[in-house]
Amino acid sequence: MGHDRAALLAALALQLDWGAEEALAEAPPDRSAPARPAMAIAAPDAPPERALPGPRAVASLPPVVTPPAAGRAAEAAARAATLDDLRDAIRAFDGSPLRDTATNLVFSDGDPAAGLMLIGEAPGGEEDRLGRPFVGPSGQLLDRMFASIGRSRDSGGFYIANILPWRPPGNRTPTDAEIALFLPFVLRQIALVRPRHLVLLGGTSAKALLRVKEGITRLRGKWHRIPVDGLGEVPALATLHPAYLLRTPAAKRDAWADLLMLRRSITE
């Protein structure tokens, strides 16, 4: 009960932080409908397992020119038997100049056993300095968002990583070649964590793992499936990046709808 109350208070605090002024349900009630007669309550049968909708037809990205070191990256990722092995393999991998310009490797944060894995784009300046993903202003917003649905990073509510483990100079957007180079490491990380649900934060993460060219505003709010070796297809929800929400407050309504969709899927 205390955990549920804390989650409700966190959700209320998030709504107030986002400027909510009225208490609204997810859908308006139909007050014109006649009241239903009371019915005897019988013991329910076990509900059938609900299948997530299949993948929507989307336009695929054109083939990316594979970097020369991509084969070595795939081999190094495949040899990693644990997350510690994978961290060491990424740190030792010299196929990208990003390692030489970054300060720290930013591998992951949170609880690998949470069942929920979040994947962002790349480290920013604060993340590069501390060696942890999502610790700047966008990370603080992310923590408030997920605490509002009962998933706190500090209490093992989720595990989080990025497409790139090294900060691109000047916080620039990762190139297609950089994404292709590090994608084997990301997929191996997913395989080792074995999440029940994935959340793709922002367009770079969503397009990289879904292999589509559509923007995040068209990909968000829907369940997709990502094939992962050893796991089959993992359900993945694309949503808006917290940094985008800080720049575009009007989009927070869509992000809240995505959080509610995620909460329903996790609790069913």
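Coordinate-derived values only; no laboratory data. What you see is a predicted model, and the numbers here were worked out from it, not measured in a lab. Don't worry about glycine lacking a Cβ; one is built from the backbone with ideal geometry, like all the others, and counts go over all protein chains shown.
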So for Asp143, Asp154, Asp176, Asp254, fewest C-beta neighbours within 10 Å to most, what's the order? Asp154, Asp176, Asp254, Asp143
For Val212, residues with placed amide H under 5 Å, excluding near neighbours: Leu61
Counting only residues 5 or more apart in sequence or on a different chain, those whose built amide H sits under 5 Å from that of Gly95 are none
Computed magnitude of the charge dipole of the stretch 127-237 (debye, nearest 20; Cβ of K, R +1, Cβ of D, E -1): 240 debye
Go through the stretch 228-236 residue by residue and turn each phi into a ³J(HN,Hα) via Karplus (6.51, -1.76, 1.60, θ = phi - 60°); whole Hz please, and just put x for glycine and proline. 10, 4, x, 10, x, 9, 9, x, 9
Ranked on Cβ counts within 10 Å of their own Cβ, fewest leading, Lys222, Lys252 go Lys222, Lys252
The stretch 118-233: Kirkwood hydrodynamic radius (Cα pairs, Å) comes out at 14.9 Å
Under a point spin-label approximation (7 Å from Cα along Cα-to-Cβ), what is the Leu246-Arg79 distance to one decimal in nm? 3.8 nm
The exposure ranking of Arg253, Arg194, fewest beta-carbon neighbours within 10 Å first, is Arg253, Arg194
Amide proton proximity set for Asp109, modelled H, under 5 Å, gap of 5+: Ile160
Listed highest first by mean packing, meaning other Cβ atoms within 10 Å per residue, what order do 110-120, 258-268 come in? 110-120, 258-268
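For the stretch 69-267, with only Lys/Arg (+1) and Asp/Glu (-1) charged at the beta-carbon, what is the dipole magnitude about the Cα centre, in debye rounded to 20? Could the numbers behind the result be given before it?
On the way: 27 positive and 21 negative charges, 146 e Å.
Using only the charged Cβ atoms, the result is roughly 700 debye.
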